[in-house]
Amino acid sequence: MKNNNLVQKHAICFLILIVSVFCAPHQGQSETQRVLSFYNTHTHERLTVNYKEGDSYIPEAMDKIAIILRDHRTGDVNPIDPELKDFLYDLLTEVGNHSEVHIISGYRSPATNKKLRQNSKGVASKSQHMQGKALDFRLPGTDTAVLRDTARAMKRGGVGYYRKLDFVQIDTGRVRNW
């Protein structure tokens, strides 16, 4: 009887050891840490930042993201919707690629949006970009059609696909596709 109890105790200890080794977060990374990496294709700036711990957004990180996603034409900075960052993070998780997000367009000032509308039929007069709620990007290593399909399946907002220019847009507006 004593041997059975000893064997059971050893088995339980072994299982606890296995679970703690294989299920624990990697060294230096919290299981609730959300990290995004950006490369701005216009300014050539780079940023890797932990923007959220658990349910709490990190204000300094949010400010840094707003700067790298600023209107590169005017330099105007605007807060970026936290839900957009979460949508992006979850999309990257779904496609299994958390490498640098190549920014085409983040925040867009009303003046820039007006100028772009004069030169293109594809720019909305009430663009989500002007509210910091949209991001145009590509993700090296992941086909933009895969990004599009995965984002659409998530049903978290608008998803645009620009095949010829090789980028997608996600936004936190109503669910729609173009």
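Read-outs throughout are calculated quantities, based only on the coordinates presented, and are distinct from any laboratory measurement. Given the structure is predicted, the values throughout are model-derived calculations rather than measurements. All Cβ positions, glycine included, derive from the backbone under ideal geometry; neighbour counts span all protein chains shown.
Taking 0.36 nm per residue of sequence separation and subtracting the Cα-Cα distance, how much length would be gained by fully extending the chain between residue 57 and residue 74, in nm to one decimal? Walk me through the numbers before you get to the answer.
On the way: separation 17, 0.36 × 17 = 6.12 nm, distance 2.69 nm.
Full extension from residue 57 to residue 74 adds 3.4 nm.
Using packing as a proxy for protection, rank 108-117, 62-71 so that the peptide with the highest average count of other Cβ atoms within 10 Å comes first.
Ranking the peptides 108-117, 62-71 by packing returns 62-71, 108-117.
Okay, which of the range 39-61 sit inside 17 Å, backbone N to the point 7 Å along the Cα-Cβ direction of residue 33?
47-61
Which whole number in µm²/s is D for the range 31-177 by Stokes-Einstein, with the Kirkwood Rh taken over Cα pairs at 4 °C and 1.567 mPa s? List each step's numbers first, then the result.
Working: Rh = 15.3 Å.
Value of D from the Cα-based Kirkwood radius: 85 µm²/s.
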